[in-house]
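The values are calculated or read from the model by the stated rules, or taken from the named source; none is laboratory data. For clarity, every value in this text was computed on a predicted model and none was experimentally measured. FYI the Cβ positions are ideal-geometry reconstructions off the backbone, even for glycines, and counts take in every protein chain you see. In case anyone asks, the SASA skips ligands and DNA or RNA and just uses the protein heavy atoms, side chains included. Shrake-Rupley method; radii C 1.70, N 1.55, O 1.52, S 1.80 Å.
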Amino acid sequence: PPCPLRREMTTLTHRGRRADGRSSDKKPDSEEEAAADRELNEDDPDDSKDIRLTLMEEVLLLGLKDKEGYTSFWNDCISSGLRGGILIELALRGRIRLEPLSLRKKRLLERKVLLKSDAPTGDVLLDETLRHIKATETPETVQTWIELLTGETWNPFKLQYQLRNVRERLAKALVEKGILTTEKQNFLLFDMTTHPVSNASEKQRLVKKLQESVLERWVNDPQRMERRTLALLVLAHASDVLENVFASLADDKYDVAMNRTKDLLDMDPEVEAAKAKGTEMIWAVLAAFNKS
């Protein structure tokens, strides 16, 4: 099936120059928002320098064929999936958040993405996106940002927000981290740079972690799941690489893993996001991919 975000490109109209809610130094609007900020920042492991791979790198690694070193030519979902990963990664690192709930804007897809901190993350793609979010005249929604970063907009003024060569840049980062290597492959009509997996144990560790999260360590409650694992399952689904995660399982376990993941992805993002502020962006990205 086509990627959900492909089915409907929204035409972005040029908006007025109001800078409402843009300042990152703004005091929280309410006690509830201050509490949400505390919830995100308390002993938050997500901004530590120990993160070996970003969510985007993990999604690409799951999508790559180990020996051939490229993603399936038929996969046209991974581009938008990777952009969704960038937004979740920035939220988990405390750089962006959704605007607070209000009577007028209740639904996840109506709420705009606001800058919380423009402190560099040290990751090229994350920092480039952060600059784009900071530079917009009026804030945009999660769905619009995924479209802008993917370059799927009819508005020529908005094309500057497209992130280019994302897969290649992620692959280079994985080469630097010693997980992929670089080769030139000769196809019939052209040469292509490929990135075969050189550190298979790192990919295995990632696959095993995801398999266990829906099998041995299944908690049947997204609120009790580790946030990065929840995000990765959502992104693997959005990027059409979930099959790669569970392909090595025996038939009976494969069915259980797929059904549990489907149950997770079929949950109502609005309801789940309201339960834990720290996962709002994960559910907003899922809502964007679910919207056809």
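I'd like to verify a number: residues in the stretch 237-292 that are within 25 Å of residue 99 (Cβ to Cβ) and among the polar types (S, T, N, Q), how many?
Qualifying residue count for the region: 3.
Report every pair of residues separated by at least 6 positions or lying on different chains whose Cβ atoms are under 9 Å apart, first residue within the stretch 165-179 and free of Cβ contacts under 8 Å to residues at least 24 places away in the same chain, second surrounded by 13 or more Cβ atoms within 10 Å (Cβ to Cβ) and of a type in the set (A, V, I, L, M).
172/180
This table checks each residue for (1) in contact with a strand residue (DSSP E or B) (Cβ under 7 Å, 6 or more places away or on another chain); (2) closer than 30 Å to residue 197 by Cα; (3) part of a loop (DSSP other than H, G, I, E, B); (4) open to solvent by 50 Å² or more (accessible area, probe 1.4 Å).
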| position | (1), (2), (3), (4) |
| --- | --- |
| 81 | no, yes, no, no |
| 84 | no, yes, no, no |
| 97 | yes, no, no, no |
| 104 | no, no, yes, yes |
| 120 | no, yes, yes, yes |
| 131 | no, no, no, yes |
| 138 | no, no, yes, no |
| 144 | no, no, no, no |
| 174 | yes, yes, no, no |
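Here are the criteria: (1) touching a residue at least 24 places away in the same chain (Cβ under 8 Å); (2) surrounded by fewer than 16 Cβ atoms within 10 Å (Cβ to Cβ). Tell me which single one residue 271 does not satisfy.
Residue 271 satisfies every listed condition except (1).
Just checking, does the stretch 220-239 include any residue being outside any helix (DSSP H, G or I), hydrophobic (A, V, I, L, M, F, W, C), in contact (Cβ under 8 Å) with a residue 60 or more places away in the chain and open to solvent by less than 60 Å² (accessible area, probe 1.4 Å)?
no
Taking the condition of being touching a Ser or Thr at 6+ places or on another chain (Cβ under 9 Å) and either on the phi > 0 side of the Ramachandran plot or not polar (S, T, N, Q) (or both), how many residues in the stretch 218-238 meet it?
Count: 12.
Within the stretch 192-209, which residues are within 20 Å of residue 243 (Cβ to Cβ), free of Cβ contacts under 8 Å to residues at least 60 places away in the same chain and open to solvent by less than 70 Å² (accessible area, probe 1.4 Å)?
209
Looking only at residues that are under 21 Å from the mean Cα position of the chain (by Cα) and of a type outside the set (Lys, Arg) in the stretch 181-211, which one is farthest from residue 54 (Cα to Cα)? Even if it seems obvious, please write down each step before you answer.
Start the filter on the stretch 181-211 by keeping residues that are under 21 Å from the mean Cα position of the chain (by Cα), which leaves 202-211.
With of a type outside the set (Lys, Arg) added as a condition, the list becomes 202, 204, 206-207, 210-211.
Details: 202: 13, 204: 16, 206: 12, 207: 15, 210: 15, 211: 19 Å.
Going through the qualifying residues, I end up with 211.
Of (1) at pLDDT below 95; (2) open to solvent by 90 Å² or more (accessible area, probe 1.4 Å); (3) part of a helix (DSSP H, G or I), residue 253 satisfies all except one. Which?
With (1) at pLDDT below 95; (2) open to solvent by 90 Å² or more (accessible area, probe 1.4 Å); (3) part of a helix (DSSP H, G or I) applied to residue 253, the lone miss is (1).
Considering only residues that are in a helix (DSSP H, G or I) and open to solvent by 10 Å² or more (accessible area, probe 1.4 Å), which ones fall in the stretch 146-158?
150, 156, 157, 158
Checking the structure you have, find out if any residue of the stretch 184-198 is part of a helix (DSSP H, G or I) and either of a type in the set (A, V, I, L, M) or in contact with a Leu (Cβ under 8 Å, 6 or more places away or on another chain) (or both).
Checked against the condition, which is being part of a helix (DSSP H, G or I) and either of a type in the set (A, V, I, L, M) or in contact with a Leu (Cβ under 8 Å, 6 or more places away or on another chain) (or both), the stretch 184-198 yields no hits at all.
On the basis of being hydrophobic (A, V, I, L, M, F, W, C), under 16 Å from the mean Cα position of the chain (by Cα) and at pLDDT 95 or above, does residue 51 make the cut?
Taking the combined requirement at face value, the residue does not satisfy it.
Among the candidates 248, 213, single out the residue that is assigned to a loop (DSSP other than H, G, I, E, B) and surrounded by 12 or more Cβ atoms within 10 Å (Cβ to Cβ).
Criteria check complete, one pass: 248.
Does residue 169 satisfy the condition of being assigned to a loop (DSSP other than H, G, I, E, B) and closer than 17 Å to residue 56 by Cβ?
No; evaluated as a whole, the condition is false for this residue.
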